[in-house]
Amino acid sequence: MALANQLTLASCNQAIARTAQWSGQEILTADLGDPHFVALGLYKGLAAFHSSTMESSTRKLREALECSTAVTGEFHPMQALTVFDAATQHASHRGSNLYASAFSQPLDLARNYRNAWFCWGAHLVGANALCTAGLNLLEKTLHAELGAAHHSNAAPEHARIYDLGTNASVANTFLQCGRVEAALRVGEFMKRLVMAQSADATDMVLALDTLGKPLQLEQVSSKVAKKLYFLSTANTDQVYWLLGFAIKVFASLHRETGNTEWLVPAQRILIWLNRCPTDFVHNVTSAKIGWGAAEMFKQTGDIAWRDLAIRVTHSIVTTQSPNGIWIRPDFPRWVPQPLLVSMDTSIERMFYLREIPHSLRDGGAALAN
């Protein structure tokens with residue numbers, strides 16, 4: 001298999017080891033009493049550290065969460081982060097003020113997306129009180145008719161958004177934690193959202209408003225939100241992780257139920273992706289596409305999914321910096337990338353590089369050593 005020659009298990013393990021060493025050192029001195037830093041930079045931390053057997057980092061983060069207000073199920077501070085706060089507090093978190101300056105709503109856009117990651121991680125490490133509280137809160141967010149989770153517990157009812165990425169994260173966590181009925185409800189919403197738009201559509205909407213109608217561009221002002229909720233087959237430099245996470249969930253729902261109907265929306269997403277500019281394979285937001293594609297290959301044996309997973313994963317491995325992090329294009333090279341951005345971007349890739357080879361192997365495509 002020619003593509004397999006571009007990616008080896010050894011290259012994945014080497015990348016994992018570099019990130020584990022870097023993140024382990026940073027966690028030793030990080031101020032985990034800063035709730036904004038934890039919420040934005042470490043929401044994948046429990047899952048990522050646990051999967052790489054980073055016991056010290058896992059324990060430190062778990063203890064910080066158990067001492068916080070996260071026992072309510074909401075893992076985020078309710079007060080807004082201001083640029084002044086970020087610039088004057090927790091100086092050890094290099095560049096945090098730059099992150100606050102770049103994104104005006106970094107917390108509110110994806111609270112329940114991150115809450116679900118926290119719950120999944122808590123489940124993996126046996127932090128049952130954290131996990132149960134979080135799962136209960138996520139179930140309460142589900143819309144009675146839509147069966148979907150809204151984006152933020154801090155948003156007033158009229159401003160709630162029901163987007164593909166948030167619901168992929170929530171459905172995944174429900175599945176991982178044994179709440180299958182809730183996962184199926186959310187999965188049905190995701191399927192309807194995808195299948196309501198044709199395979200040959202050029203502009204896709206990835207979110208509904210609080211009335212259950214497709215979100216309109218004029219309803220969001222943030223540049224980040226516009227990239228999250230809308231996709232065009234004509235544009236470069238888009239956000240693709242929502243699609244990758246949705247693919248992962250549809251594969252997991254197929255595994256859980258044995259029902260091939262869950263493969264149909266994943267295939268539609270693949271058609272959209274193949275009609276997008278080819279930069280989607282190398283885009284910094286595309287790591288989840290490799291994760292989801294590998295899981296789809298595991299479920300179906302379809303080599304189109306295998307090849308996509310390998311292409312994306314090869315890109316992940318080859319774009320890692322020597323110190324174990326990945327640099328986002330949001331920050332020019334002469335500006336230090338904020339620690340919380342480096343942490344978020346890097347530990348998730350460490351996690352996916354652990355997961356992807358297992359899924360490929362189980363689907364019959366073991367990587368060479």
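Calculated mean residue ellipticity at 222 nm for the chain: -18000 deg cm²/dmol, from DSSP H runs with n ≥ 4 weighted as -39500 (n - 2.57), summed, divided by the residue count and rounded to 500. Based on every Cα atom in the chain, Rg and the maximum pairwise Cα distance Dmax equal 19.2, 54 Å. Think of the chain as a dipole: +1 on every Lys or Arg Cβ, -1 on every Asp or Glu Cβ, centred on the Cα centre; then among I269, S321, I27, S321 lies furthest on the positive end. Fully extending the segment from D200 to T278 would add 26.4 nm, taking 0.36 nm per residue of separation and subtracting the current Cα-Cα distance. Dividing the mean sequence gap of close Cα pairs (under 8 Å, 6+ apart) by how many residues the chain holds gives a relative contact order of 23 percent. Full extension of the chain between T236 and A17 yields a length gain of 75.7 nm, computed as 0.36 nm times the residue separation minus the alpha carbon distance. The 3J(HN,Hα) values that the Karplus relation (6.51, -1.76, 1.60; θ = phi - 60°) gives for the stretch 258-272 are, in residue order, x, 8, 6, 4, 6, 7, 5, x, 5, 5, 5, 4, 4, 4, 4 Hz. Gly and Pro appear as x. Compute the FRET efficiency between R192 and I303 as 1/(1 + (r/R0)^6), taking r as their Cβ-Cβ distance and R0 = 22 Å, and round to the nearest 0.05. It comes to 0.15.
When all protein chains stay in place and ligands, DNA and RNA are ignored, the 1.4 Å accessible-area order of H158, H50, largest first, is H158, H50. In this simple spin-label model, placing a label point 7 Å from the Cα along the Cα-to-Cβ direction at both T260 and A366 gives a separation of 2.9 nm.
The values are calculated or read from the model by the stated rules, or taken from the named source; none is laboratory data. Since we're looking at a predicted model, the values are computed, not measured. Note that we place each Cβ from the backbone using ideal geometry, even for glycine, and neighbour counts take in every protein chain shown. Note: areas computed on protein heavy atoms with side chains; ligands, DNA, RNA excluded. Shrake-Rupley method; radii C 1.70, N 1.55, O 1.52, S 1.80 Å.
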